[in-house]
Amino acid sequence: MIPQSAKQVEPLSLINYTSLPEDWRTQLREAYRTPQQLLTALGFNLAQQTALSAHDQGFTTLVPRAFAQKMRPRDPTDPLLLQVLPRVQEAIKDPNFNDDPLQEFRFNPVPGVVHKYQGRALLIAAGHCAINCRYCFRRHYPYSDQKRARNEWQQSLKYIEQHPDIEEIILSGGDPLALTDPKLFELITAIETITHVKRLRIHSRLPIVLPQRITLELCQKLEHSRLNCVMVVHANHANELAADVAQACERLRQHKVQLLNQSVLLAQVNDNLASQKRLSERLFELGIMPYYLHLPDQVAGTTHFFVSLERGQSIVAQMQSCMSGYLVPKLVREEPGRLSKSLYSPC
Ligand code: SF4
């Protein structure tokens, strides 16, 4: 059940977004690319900056200003800041955390395609994102090896053509909406010509972190596609869902794009009942169904985000006791070698 209108939604804050450029590509070019730029914009002095940030471990800082403006100034515990700021804990080595915790290479039949689930194939449409989330399970992914698929896609599309059981294409990345409209439309048009493909699922964090990306042209392309289009957005905290995001979601829904959310349960960010409850309620106000709550993948450099299965189950059980069932996301975890997500009941 998707609510019909998000027009009455009030913004969480009174932040003035009019200082941001209209064009999303300009916003992306102007994103913060060092911890110092970001922390300066948030009002931290030099000594605080030195104490807070650390080496990026080869995964560069990237934070759009529209996302940074939703952070609380001079608050080192801000849940949005914690998702994007390189911290000293990233240097911690733990044998249980590695570069490819999901072993995706085992399901990579041709560059740019992950064919793991029956009936669905994931196509890596872009090798970059609009934001670099420090907990990302693909932070070590060899995107450069997939360059041919990114630039041409022919090999990927041929593989999909040769597998008539594939009814759904999942565009992932990186972030597929980090592609420009002409490039993305070229890919969608090519997928539309494969007759056995029925559904297009776009996994993207851009509607949340750079909502100006949701252009009218993009919405029209999705609305007029012969494919049923679903967009799975990625918000982890209600503070991400301000007025500009509400507008982008409303536009997508007006163009008949179904919206679901997947989030990641992250220590110190959202691993408590109050945060999860507020997130689900805010998603629903924006016409987005809370769908999956992922336990974090055990990727190298992310030990400080780890939340145990038992803790996740306890939070979901608490949600179930005080919220309508449709507001409670499914608790899931990706396990290496398994052909589907593991679904966990609350305890
Ligand atoms: S937007 Fe998604 S793929 Fe990109 S860094 Fe964040 S979690 Fe990873």
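The values are calculated or read from the model by the stated rules, or taken from the named source; none is laboratory data. Just so you know, these numbers come straight off a predicted model, no measurement behind them. Backbone-built Cβ (ideal geometry, glycine too); neighbour counts: all protein chains shown.
Tell me, which residue of segment 105-124 that is in contact with a Phe, Trp or Tyr (Cβ under 8 Å, 6 or more places away or on another chain) and not β-branched (Val, Ile, Thr) is farthest from the ligand (Cβ to nearest atom)?
So, considering only residues that are in contact with a Phe, Trp or Tyr (Cβ under 8 Å, 6 or more places away or on another chain) and not β-branched (Val, Ile, Thr), the one farthest from the ligand (Cβ to nearest atom) is PRO109.
Can you name every residue in segment 317-334 that is farther than 17 Å from LEU260 by Cβ, without any contact (Cβ under 8 Å) to a residue 40 or more places away in the chain and in contact with a Lys or Arg (Cβ under 9 Å, 6 or more places away or on another chain)?
Within segment 317-334, ARG333 is the sole residue that qualifies.
Filter the helices (runs of 4 or more DSSP H) completely within segment 34-99 down to those with at least 1 residues that are under 27 Å from HIS128 (Cβ atoms) and in contact with a strand residue (DSSP E or B) (Cβ under 8 Å, 6 or more places away or on another chain).
35-41, 65-68, 81-84
Go through segment 36-70 and give me each residue that's of a type outside the set (Gly, Ala, Ser) and on the phi > 0 side of the Ramachandran plot.
Hit for segment 36-70 is GLN57, nothing else.
Would you mention how many residues in segment 112-135 are over 20 Å from TRP153 (Cα atoms), of a type in the set (D, E, K, R) and surrounded by fewer than 22 Cβ atoms within 10 Å (Cβ to Cβ)?
0
Checking PRO73 against (1) crowded, with 21+ Cβ neighbours inside 10 Å; (2) outside the structural domain of ILE208 (by TED's automatic domain parsing): exactly one of these is not met. Which one?
(1)
Quick one: would you say ASN16 is exposed (fewer than 14 other Cβ atoms within 10 Å of the Cβ), modelled with pLDDT under 95 and farther than 30 Å from LYS183 by Cα?
yes
Taking LEU62 as the residue in question, decide whether it is under 28 Å from GLN276 (Cβ atoms), outside the structural domain of VAL307 (by TED's automatic domain parsing) and at pLDDT below 95.
no
Looking only at segment 137-169, how many residues end up being modelled with pLDDT of 80 or more and more than 30 Å from HIS304 (Cβ to Cβ)?
The qualifying residues number 17.
Okay, residues lined up against (1) surrounded by 17 or more Cβ atoms within 10 Å (Cβ to Cβ); (2) part of a helix (DSSP H, G or I); (3) out of contact with any strand residue (DSSP E or B) (no Cβ under 6 Å at 6 or more places or on another chain):
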site: SER280; (1), (2), (3): yes, yes, no
site: PRO296; (1), (2), (3): yes, no, no
site: VAL307; (1), (2), (3): yes, no, yes
site: GLY312; (1), (2), (3): yes, yes, no
site: ILE315; (1), (2), (3): yes, yes, yes
site: GLN320; (1), (2), (3): no, yes, yes
site: TYR326; (1), (2), (3): no, yes, yes
site: LEU331; (1), (2), (3): yes, no, no
site: PRO336; (1), (2), (3): no, no, yes
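Name the single residue that is modelled with the lowest pLDDT among those in segment 24-59 being of a type in the set (A, V, I, L, M) and surrounded by fewer than 16 Cβ atoms within 10 Å (Cβ to Cβ).
Applying the filter and picking the extreme gives ALA54.
In this structure, is GLY301 of a type in the set (Gly, Ala, Ser), at positive phi and surrounded by 15 or more Cβ atoms within 10 Å (Cβ to Cβ)?
yes
For segment 22-33, what are the residues that are assigned to a helix (DSSP H, G or I) and either among the acidic types (Asp, Glu) or over 20 Å from the mean Cα position of the chain (by Cα) (or both)?
If the condition is that a residue be assigned to a helix (DSSP H, G or I) and either among the acidic types (Asp, Glu) or over 20 Å from the mean Cα position of the chain (by Cα) (or both), then THR26 is the only one that fits.
Residue check: is ARG134 within 21 Å of the chain's Cα centre (by Cα), within 16 Å of the ligand (Cβ to nearest atom), modelled with pLDDT of 95 or more and over 25 Å from GLU22 (Cα atoms)?
Criteria met by ARG134.
Mind checking which helices (runs of 4 or more DSSP H) fall wholly inside segment 157-273 and carry at least 3 residues that are surrounded by fewer than 21 Cβ atoms within 10 Å (Cβ to Cβ), more than 18 Å from the chain's Cα centre (by Cα) and more than 16 Å from the ligand (Cβ to nearest atom)?
181-192, 216-223, 243-254
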